[in-house]
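Novice: Quick one: the structure is below, and I'll ask about it shortly.
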Amino acid sequence: MALSPGESPGFLLWHATLRWQRDIAAALIPLGLTHVQFVLLACTWWLNTHGEHPNQLALARQAGTDVKMTSQVLRALETKGLVEREVDPADTRAKRLRVTAVGAELAPRAIAAVEQVDARFFKPVVLNDAVTLLARLAHPES
């Protein structure tokens, strides 16, 4: 027996995701970032603050993004002066990523804006339960 849309977990998740993405996009507009730009900037900033200077492949893996799309978005972040790509001395074909001073100032502000959206969006549920559920859905093999 087919479920009605309101009883379908996948359909409800789709709609919840769309609402969450709209809220995130609205919070990032004043900062001049798209959602994917935010994710890549935040991941690069986080890795840099933990002593890592990832290449595009490592960043794409961290962010869960497509490598080619990651390259295109990094070009946009580079044009905005938020990220720099430097030749990797160990492999001249690879570029290491470093957040600029402007990017390092913007990343924590953007993260705070997104965390505020998350806090409002997930307020109806216990946050630890939501994180546990989403982690299990995102990484079923863990």
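Novice: Let me spell it out: the conditions are (1) surrounded by 12 or more Cβ atoms within 10 Å (Cβ to Cβ); (2) within 28 Å of His139 (Cα to Cα); (3) at pLDDT 95 or above; (4) not basic (Lys, Arg), and Gly51 meets all of them except one. Which number is the exception?
Specialist: Just one mismatch for Gly51, condition (1).
Novice: Taking the condition surrounded by 13 or more Cβ atoms within 10 Å (Cβ to Cβ) and either assigned to a helix (DSSP H, G or I) or within 16 Å of the chain's Cα centre (by Cα) (or both), does Ala113 pass?
Specialist: Here the answer is yes, as Ala113 does meet what is asked.
Novice: Still on this structure, I have one more. Take Arg120 and decide whether it is part of a helix (DSSP H, G or I), in contact (Cβ under 8 Å) with a residue 24 or more places away in the chain and more than 18 Å from Gln37 (Cβ to Cβ).
Specialist: yes
Novice: Could you please tell me which pairs satisfy a Cβ distance under 9 Å, a separation of 6+ or placement on different chains, a first residue in the range 69-80 that is free of Cβ contacts under 8 Å to residues at least 60 places away in the same chain, and a second residue that is loosely packed, with under 13 Cβ neighbours inside 10 Å and assigned to a helix (DSSP H, G or I)?
Specialist: Note: pairs meeting the criteria are Thr70/Leu57; Lys80/Val102.
Novice: Now for a different question. Just one of (1) modelled with pLDDT of 90 or more; (2) surrounded by 11 or more Cβ atoms within 10 Å (Cβ to Cβ) trips up Ala119, so point out which.
Specialist: Checking Ala119 against (1) modelled with pLDDT of 90 or more; (2) surrounded by 11 or more Cβ atoms within 10 Å (Cβ to Cβ), the one that fails is (2).
Novice: Output the qualifying pairs, or none if there are none: Cβ atoms under 8 angstrom, residues six or more apart or on different chains, first residue in the range 125-142 and under 17 Å from Gly10 (Cα atoms) and part of a helix (DSSP H, G or I), second residue at pLDDT 80 or above and not acidic (Asp, Glu).
Specialist: Ala130/Phe122
Novice: Of all residues being β-branched (Val, Ile, Thr) and surrounded by fewer than 19 Cβ atoms within 10 Å (Cβ to Cβ) in the range 77-100, which is modelled with the lowest pLDDT? Just the residue, please.
Specialist: Of everything passing the filter in the range 77-100, Thr92 is modelled with the lowest pLDDT.
The values are calculated or read from the model by the stated rules, or taken from the named source; none is laboratory data. Just so it is clear, the structure is predicted and the values come from calculations on it, not from any experiment. Here the Cβ is made from the backbone with ideal geometry for all residues, glycine too, and neighbour counts use every protein chain on show.
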